[in-house]
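Enquirer: Before we start, here is the structure in question, set down as structure tokens.
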Amino acid sequence: MVDYLFRQLVSGRPAEDVAWEREGISLAAQPEGAELARRLAETDIDALTPTELFHYVRAAQRLASWAEGLRQSAVGRYCHAGAEAPRQGRQRI
């Protein structure tokens with residue numbers, strides 16, 4: 001990390017690497033879903049700067065929250081559907 005900061009300062013560039021943000025949609029702006037999951041899965045986290053790693057972690061948290069919402073919705077639908085329809089061959093009490 002110290003080598004990276006030294007190289008940045010010697011070359012006159014800011015200490016944080018912001019070039020990756022100009023290469024396309026950032027992880028912070030990527031909507032939750034399959035594309036975000038793909039990008040996170042294909043990222044070499046060992047190659048990330050501290051700022052990039054911070055954005056990576058936040059994007060992973062957003063994706064996990066989104067997926068948990070899908071799961072909860074599906075469980076609710078499953079449980080609700082099972083309560084509404086009586087099973088064939090059984091009478092409701």
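The values are calculated or read from the model by the stated rules, or taken from the named source; none is laboratory data. Keep in mind that this is a model prediction, so the values were computed, not measured. Every residue, glycine as well, gets a Cβ built from its backbone with ideal geometry; the counts of neighbours run over all protein chains shown.
Enquirer: If the Cβ limit is 6 Å and pairs must be 6+ apart or interchain, which residue in the range 41-65 that is in a helix (DSSP H, G or I) pairs with which residue that is modelled with pLDDT of 90 or more and charged (D, E, K, R)?
Expert: Arg62/Glu32; Leu63/Glu32
Enquirer: Then there's this: Among the residues of the range 16-56, what is the count of those that are surrounded by 14 or more Cβ atoms within 10 Å (Cβ to Cβ), among the hydrophobic types (A, V, I, L, M, F, W, C) and either at pLDDT 90 or above or out of contact with any Lys or Arg (no Cβ under 7 Å at 6 or more places or on another chain) (or both)?
Expert: Selection size over the range 16-56: 6.
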